[in-house]
1. Consider only pairs whose beta carbons are under 6 Å apart and that are at least six residues apart or on different chains; among these, list those whose first residue lies in the range 18-39 and is touching a residue at least 40 places away in the same chain (Cβ under 8 Å) and more than 17 Å from ASP57 (Cβ to Cβ) and whose second residue is open to solvent by less than 40 Å² (accessible area, probe 1.4 Å) and charged (D, E, K, R).
2. Answer yes if at least one residue in the range 25-36 is open to solvent by 30 Å² or more (accessible area, probe 1.4 Å), among the hydrophobic types (A, V, I, L, M, F, W, C), over 8 Å from the mean Cα position of the chain (by Cα) and more than 18 Å from LEU72 (Cα to Cα), and no otherwise.
3. So which of ALA56, ALA78 ends up being outside any loop (DSSP other than H, G, I, E, B), surrounded by fewer than 16 Cβ atoms within 10 Å (Cβ to Cβ) and of a type in the set (A, V, I, L, M, F, W, C)?
4. Counting only residues that are among the charged types (D, E, K, R) and surrounded by fewer than 10 Cβ atoms within 10 Å (Cβ to Cβ), how many does the range 59-73 have?
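The values are calculated or read from the model by the stated rules, or taken from the named source; none is laboratory data. What you see is a predicted model, and the numbers here were worked out from it, not measured in a lab. Cβ coordinates were reconstructed from backbone atoms using ideal geometry, including for glycine residues, and neighbour counts include every protein chain displayed. All accessible areas refer to the heavy atoms of the entire protein, side chains included, with ligands and DNA or RNA removed. Shrake-Rupley method; radii C 1.70, N 1.55, O 1.52, S 1.80 Å.
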Amino acid sequence: MAMLITDDCTACAACETVCPNAAISMGDIYFHIDPGRCTECVGAHDSPECVAVCPADCIHEDPAHLETQGELRAKYEALHA
C-alpha cells in the first residue's frame, strides 16, 4: 500500500528528502506521493521514513493502493535495478 499525504500538510519538505524512491514531490499546495514509486520504504528501511519525520502527522496508508510486502519489495527492486 502506498502512503498518502493529506491536506493537513504544512509543505515543510521534511518528507521529500528522506524518500529512498523519489516518490514525494511538491504539488500545487502541498506535497504528493506517487503511488507508483512508493514502497512504504520496504527494501530500504523498517518503516516509512516520511511518516517518521512528518511534523504534521499527515501521512497515512492509502487504502486506494493496496499491495503486499512482496509486491512492495518487488517494486523497490525494480526501481533500483
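1. THR39/LYS75
2. Looking for residues that are open to solvent by 30 Å² or more (accessible area, probe 1.4 Å), among the hydrophobic types (A, V, I, L, M, F, W, C), over 8 Å from the mean Cα position of the chain (by Cα) and more than 18 Å from LEU72 (Cα to Cα), one finds at least one in the range 25-36, hence yes.
3. Values: ALA56 fails: outside any loop (DSSP other than H, G, I, E, B).
Going through ALA56, ALA78 in turn, just one is outside any loop (DSSP other than H, G, I, E, B), surrounded by fewer than 16 Cβ atoms within 10 Å (Cβ to Cβ) and of a type in the set (A, V, I, L, M, F, W, C): ALA78.
4. Looking only at the range 59-73, we keep the residues that are among the charged types (D, E, K, R), and these are 61-62, 67, 71, 73.
Now narrow it down to the ones that are surrounded by fewer than 10 Cβ atoms within 10 Å (Cβ to Cβ): none.
Residues meeting the conditions: 0.
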